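Notes to accompany the following structure.
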Amino acid sequence: MSVVNRSGNGNGTLPLNPEDVDRAMQPLESASMLPPAAFVDRNVFDWEMKNLFHDGWICLGHISQVNEQGKFICREVGPDSVVVVGGEGGKPHAFLNVCRHRGARVLEAADGQVKRRIQCPYHAWSYALDGSLVAAPHMDGVDEFDKSCYGLIPVRLATLGGLVLVDLGGEAPEPDRHVGDLIDHLERYRNAELISGGRIEYEVDANWKGIAENYNECLHCPGVHPELNALSNYMSGEEMQGEGSWCGGSMFITAQDAETMGKEGGHAGHRPRIEGLSEQDDKTILYFALFPNGLVSMHPDYVMLHTLYPRAPDRTDVICEWFFERRAVEAPDFDPSDAIEFWDQTNRQDWYVCELTQKGVGTTGYTAGRYSAEEGTVHEFDNLVAGRYLEALGGKVEA
């Protein structure tokens, strides 16, 4: 592996040593983890918000949340607020959540549904669902005011495999390159056809990368998640590779009588298998991290999506959502609580150890640790980060 110069980036505002970053790019058996400053330094965080979360594809949610006229989601990404709303016929549109008059936020709720217009609560400027300005009270006498020039500011949007992606910078590579071969798994699990069955929001006092690293390994499961480990042995499963900005793999349900990941030993839900899956899939759980902020978990009867929203070097908001087959949700006895309560407990156990790590990683004298031989997916995720760091530091890693 070598580092070659790449012009136009420089080391500028990213206060990291290229040699420390390059150690994370080495083969697993000789690599060290990301430098501690990557988790605690405000300048690193600000660089990430600009270069990873603004100038690239990020996941905001699921297509079922915006596939009907007027249904919307709002998400805070750094200093920006983004709204995605279903237009006429359900085709979604994305905009900055800011009125073109005085800059007020036009929508305040995290999700909901409007009728045919989005109206600013301040001076009642109103916009069609495609973002065009429809009404601007008291502007008739203003010289050269053209309503067609004052629609909501559009944001580049893509929907792939049921995921809603936005590119705030507008210049990221094509979205299918970003998602890559992950699309095959998303489509096999019919993610785009599933609908919401539950949602929980969390505030975690940890860096977003630490949360993603934790998601990408289960060596901590016997001690931290005894209920999870009873259903799925922490050493089961295998890593998966493919084109695109993602990493992940599988684990197997090793408890013989378990039907899924859920309370009461995994046999409380009795939900139908996702259409098209095989009996072998009944014992397989897939875990994928779509860079930088989407964590997709695929179960025989539901898909779980975590989206990460960094707020500070030591704070991340996390939205966790569960999606099920429509026929399951519309059944009179539908009860997702076994899955939601199981993963809510597991999430909180994860947040606890992520927060412990955040408290320790900034300790004076601490240096980057080494990966174990079973942390290949953590290493892959860190490589996605480290590769971007090195580009900004004047180098591009090549195998």
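Quick look at the numbers
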quantity	calculated
Lone qualifier among Asp130, Asp111 - being closer than 23 Å to Ser297 by Cβ, in contact (Cβ under 8 Å) with a residue 12 or more places away in the chain and of a type in the set (D, E, K, R)	Asp111
Test for Glu144: is it of a type in the set (Asp, Glu) and at positive phi	yes
Residue match in segment 204-211 (condition: in contact with a Lys or Arg (Cβ under 9 Å, 6 or more places away or on another chain), in the same structural domain as Pro272 (by TED's automatic domain parsing) and surrounded by fewer than 19 Cβ atoms within 10 Å (Cβ to Cβ))	yes
Residues of segment 246-259 satisfying the condition of being touching a residue at least 40 places away in the same chain (Cβ under 8 Å) and either β-branched (Val, Ile, Thr) or part of a strand (DSSP E or B) (or both)	Trp246, Cys247, Gly248, Gly249
Residue count, segment 139-168 (criterion: within 20 Å of Tyr122 (Cβ to Cβ) and in contact (Cβ under 8 Å) with a residue 12 or more places away in the chain)	5
Filtered residues of segment 57-81 (kept if buried (at least 20 other Cβ atoms within 10 Å of the Cβ) and under 30 Å from Ala386 (Cβ atoms))	Trp57, Ile58, Cys59, Leu60, Gly61, His62, Arg75
Glu391 being within 23 Å of the chain's Cα centre (by Cα), outside the structural domain of Ala258 (by TED's automatic domain parsing) and not aromatic (Phe, Trp, Tyr)	yes
Where Ile118 falls short, out of the listed (1) within 26 Å of Glu201 (Cβ to Cβ); (2) outside the structural domain of Arg156 (by TED's automatic domain parsing); (3) buried (at least 16 other Cβ atoms within 10 Å of the Cβ)	(2)
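The values are calculated or read from the model by the stated rules, or taken from the named source; none is laboratory data. Since this is a predicted model, take the numbers as computed values, not measurements. In this analysis, Cβ positions are derived from the backbone assuming ideal geometry, glycine residues included, and neighbour counts consider all displayed protein chains.
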